1. May I ask you to list the residues in the stretch 142-158 that are within 19 Å of Phe114 (Cβ to Cβ) and touching a Leu at 6+ places or on another chain (Cβ under 9 Å)?
2. Run down Asp152, Asp110, Asp96 and say which single residue is part of a helix (DSSP H, G or I), among the acidic types (Asp, Glu) and either in contact with a Ser or Thr (Cβ under 9 Å, 6 or more places away or on another chain) or surrounded by fewer than 22 Cβ atoms within 10 Å (Cβ to Cβ) (or both).
3. Only one of these is among the hydroxyl-bearing types (Ser, Thr, Tyr), within 21 Å of Tyr175 (Cβ to Cβ) and either over 32 Å from the mean Cα position of the chain (by Cα) or surrounded by 19 or more Cβ atoms within 10 Å (Cβ to Cβ) (or both): Thr67, Thr37. Name it.
4. Looking at the stretch 318-333, which of its residues are surrounded by 11 or more Cβ atoms within 10 Å (Cβ to Cβ) and in a helix (DSSP H, G or I)?
5. Scan the stretch 289-314 and report the pairs whose first residue is surrounded by 11 or more Cβ atoms within 10 Å (Cβ to Cβ) and whose second residue is β-branched (Val, Ile, Thr) and assigned to a helix (DSSP H, G or I), with Cβ atoms within less than 7 Å and a gap of 6+ or a chain change.
6. Restricting the search to the stretch 254-278, which residues are of a type outside the set (D, E, K, R) and within 30 Å of Glu203 (Cα to Cα)?
7. Tell me, please, whether a residue that is part of a helix (DSSP H, G or I), touching a helix residue (DSSP H, G or I) at 6+ places or on another chain (Cβ under 7 Å) and within 24 Å of Ile249 (Cα to Cα) can be found in the stretch 65-80.
8. Filter the stretch 202-232 down to residues that are among the basic types (Lys, Arg) and open to solvent by 60 Å² or more (accessible area, probe 1.4 Å) and give me whichever is nearest to Leu287 (Cα to Cα).
Amino acid sequence: MSIKISESLENASDKAGLPPGTLVHVGKAPDTECRITVIKYDRQNYEEYYAQSIEELLTRKDDNAVTWVNIEGLGNTEIIKSIGQNFDVHPLVLEDILNTHQRQKFEDYDKYLFIVLKGLLFSAEHSTIIYEQISIVILNNFIFTFKEKQDDLFTSLKHRISNSKGRLRSFGTDYLAYAIIDAIVDQYMVIGDSMIDVIESIEDELLQNSTKKTLFSIQRTRRELIFIRKAVSPIREVLAEIQRCESEIIQDNTKIYFRDVYDHSLRVIESMDSYRELVSGLLEIYLSSISNKMNEIMKVLTVFASIFIPLTFIAGIYGMNFDYMPELKWKWAYPILWCVFIITPIALLVYFKKKKWL
């Protein structure tokens, strides 16, 4: 599994020197065209279609229905500008939508609420984690979501809306906002499940036959978890602020659902912390295994050195050029020396074995 470890700062210099509220896309260049998906529903009716412009929404406006406008792709700044003009959204909010390096936050304005979240989507096909910023503007009957990419993050939620006659179709934009945030947090849980699978595979490899590749996998997973933790943890503060919000847009009977997704976010954050501890433990095990292997090698080398030291000592003595060395004249001196050479290492090996050094 691979992941983009840090947010790209592409096009960040384009904002230098420009006044606040200037609409310039900051982030990775969009790889897809801007697509506007509109979902309009009430208790009895459901409609989904693609819009070509924001003005098209106004001609089909229905005060009794909830309208969810999902904008995928932020390359067309004119669409963002049109939303600001037609729905009285502050230019600084529009600027934050286009700046994809925003920290997760919640802001309460008079007529709308603004939320910035980080979306993480696991791609099983490429074994990668896709990162994007998701901005949400909540009005009384409209809710806008702004995404960097076209993906399947909200597919299950759209299916629930189209086939449900329950709360989703009965409640307002506040409950839809909860459902959107819940879908994002659910993907955090999917990421957590995929990460534990990666950790278990590294653990099996570590215990069976660890190599330098294992160390690389441990370090990469550790960086991934740090990045995911950084992307996930601020959502706790966002959800806490939403529960304290006194805006009329969020009804009191909906806040209990935000409290539920808040609990889910805490569980995700705690899971990421435990996964980081597991990976740190794997790193310690790897270093310990390397140290143990080194100790085994040093023990073998020490045994060989201990065996050959006395043999080298004997060979050194009889290699000296003295005239009066009586052993040199003995008939059986050479065979006896070979017996000593053979008996000495055998005796040392038996001694080492007895001492449990082997």
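1. Passing the criteria: Phe142, Ile143, Phe146, Lys147, Glu148.
2. Being part of a helix (DSSP H, G or I), among the acidic types (Asp, Glu) and either in contact with a Ser or Thr (Cβ under 9 Å, 6 or more places away or on another chain) or surrounded by fewer than 22 Cβ atoms within 10 Å (Cβ to Cβ) (or both) holds for just one of Asp152, Asp110, Asp96, which is Asp96.
3. From the options Thr67, Thr37, the qualifying one is Thr67.
4. The answer is Glu327, Leu328, Ala333.
5. If the second residue must be β-branched (Val, Ile, Thr) and assigned to a helix (DSSP H, G or I), the pairs left are Pro310/Thr344; Leu311/Thr344; Ile314/Val340.
6. His264, Ser265, Leu266, Val268, Ile269, Ser271, Met272, Ser274, Tyr275, Leu278, listed by residue number.
7. Taking every residue of the stretch 65-80 in turn, at least one turns out to be part of a helix (DSSP H, G or I), touching a helix residue (DSSP H, G or I) at 6+ places or on another chain (Cβ under 7 Å) and within 24 Å of Ile249 (Cα to Cα).
8. Here the residue is Lys212.
The values are calculated or read from the model by the stated rules, or taken from the named source; none is laboratory data. What you are looking at is a predicted structure, and each value in this text was computed from that prediction instead of being measured. Cβ sites come from the backbone with ideal geometry, for glycine too, and all protein chains shown count toward neighbours. Please note that ligands, DNA and RNA were not included when accessible areas were found on the heavy atoms of the full protein model with its side chains. Shrake-Rupley method; radii C 1.70, N 1.55, O 1.52, S 1.80 Å.
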